[in-house]
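The block underneath contains the structure these notes are about, expressed in structure tokens.
The values are calculated or read from the model by the stated rules, or taken from the named source; none is laboratory data. Because the structure is predicted, anything quoted here is derived from the model rather than measured. Heads up, the Cβs are rebuilt from the backbone with ideal geometry, glycines too, and the neighbour counts pull from every protein chain shown. Ligands, DNA and RNA are excluded from the accessible area calculation, which covers all protein heavy atoms including side chains. Shrake-Rupley method; radii C 1.70, N 1.55, O 1.52, S 1.80 Å.
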Amino acid sequence: MKELRVLKGITRLENASALDQSVDGLREVVHRVIQPQSVRDVLHGVPVGHPVHPLAVLVPAGAWVSSAVLDVVPGTAQASRVLVAFGVISAIPAALAGYTDWSELHRQQARVGLVHAAGNVAAIALYTASYIQRRRGREFSGKVLGYLGLACISGSGYLGGHLAYRQASGANHAEQVPHRFPAGWQRLAELDTIPEHQLTTMEVAGQPLLVLRRGQSVDVLSNVCTHLAGPLASGELIDGETDNPCVACPWHGSVFELRTGEVVHGPATAPQHRFESRVVEGVVEVRLPNAVESEYPVAATV
Ligand code: FES
């Protein structure tokens, strides 16, 4: 089946470097305005374990679609007006979450995201105008503005889908690890060959691992950041002398606990895969507890 022609335009949009100045300028504003980090973490969706923006947009989108339906039903003008207003108000937290996520994307994703955001801003403006017209008793123009807003939000929603699924902007970029890592204990290295108190990259079964040795204790995480696949071992070791060392990703600064893989700060929302480790006759072995036994031919895929 052939792709829709509009996809070619979106692919060109991914490579539209003319948007970069606007992307950089807006990104700086978003970083400055949406603070502190605890607020950013909530808006990213760290507490719920995945981005909240797609969830939050359901509310205004649902209100506006419902309003569009009521606009063809006689005697429902007031209910439709309330839905239009509710959609505008509920679009604010959805937009804040979206801008926060957008500010931590790769450049190609950010270009598409910029146009997606512009479409959403246009939709909010049209629905605000629609509400004002309805309040003035100008139902017909209020409805026309509402349908124009719906067209805008539908177009920007299509771009949002492209951003989320085609460009994988909100996905867990390490989901594949348990499907690629063999089940059971695997040899990592001789303990004495692993440098102490520094982030080290090693590989087992073709999978890059982040290793931190502290004496006899060895913490091991997947080296692929769940946010956008950044190389964690090239990041910064935080609190390396404490019982709870963390690593900050070099790409967008997500912070993970090395002991557990849990997210301390976003933009990542999914934890890192954490490997168990043990020392057997001077050799460190690792095991991924949720490695999937024989679901796929592991050796052939790595
Ligand atoms: S790739 Fe974005 S924080 Fe790691």
Unique residue being surrounded by fewer than 18 Cβ atoms within 10 Å (Cβ to Cβ), touching a strand residue (DSSP E or B) at 6+ places or on another chain (Cβ under 9 Å) and part of a helix (DSSP H, G or I) when the list is 22, 38: 38
Sole residue being assigned to a helix (DSSP H, G or I), open to solvent by 90 Å² or more (accessible area, probe 1.4 Å) and at pLDDT below 95, chosen from 8, 2: 8
All positions within segment 82-114 that are within 16 Å of the ligand (Cβ to nearest atom) and either more than 15 Å from residue 252 (Cβ to Cβ) or of a type in the set (S, T, N, Q) (or both): 100, 103, 108, 109
Boolean, residue 190 is modelled with pLDDT of 95 or more, open to solvent by 40 Å² or more (accessible area, probe 1.4 Å) and in the same structural domain as residue 279 (by TED's automatic domain parsing): yes
Those residues of segment 191-202 which are assigned to a loop (DSSP other than H, G, I, E, B) and either more than 16 Å from residue 264 (Cβ to Cβ) or more than 16 Å from the ligand (Cβ to nearest atom) (or both), in sequence order: 194, 195, 197, 198
Breaking point among (1) open to solvent by less than 40 Å² (accessible area, probe 1.4 Å); (2) outside the structural domain of residue 215 (by TED's automatic domain parsing), for residue 199: (2)
Strands (runs of 3 or more DSSP E) contained in segment 203-302 and holding at least 3 residues at pLDDT 95 or above and surrounded by 21 or more Cβ atoms within 10 Å (Cβ to Cβ): 207-214, 217-222
Members of segment 55-113 that are surrounded by fewer than 22 Cβ atoms within 10 Å (Cβ to Cβ), touching a residue at least 40 places away in the same chain (Cβ under 8 Å) and among the aromatic types (Phe, Trp, Tyr): 99
Lone qualifier among 56, 61, 95, 77 - being farther than 30 Å from residue 137 by Cβ and of a type in the set (A, V, I, L, M, F, W, C): 56
Tally, over segment 203-239, of residues that are within 16 Å of the ligand (Cβ to nearest atom) and of a type in the set (S, T, N, Q): 4
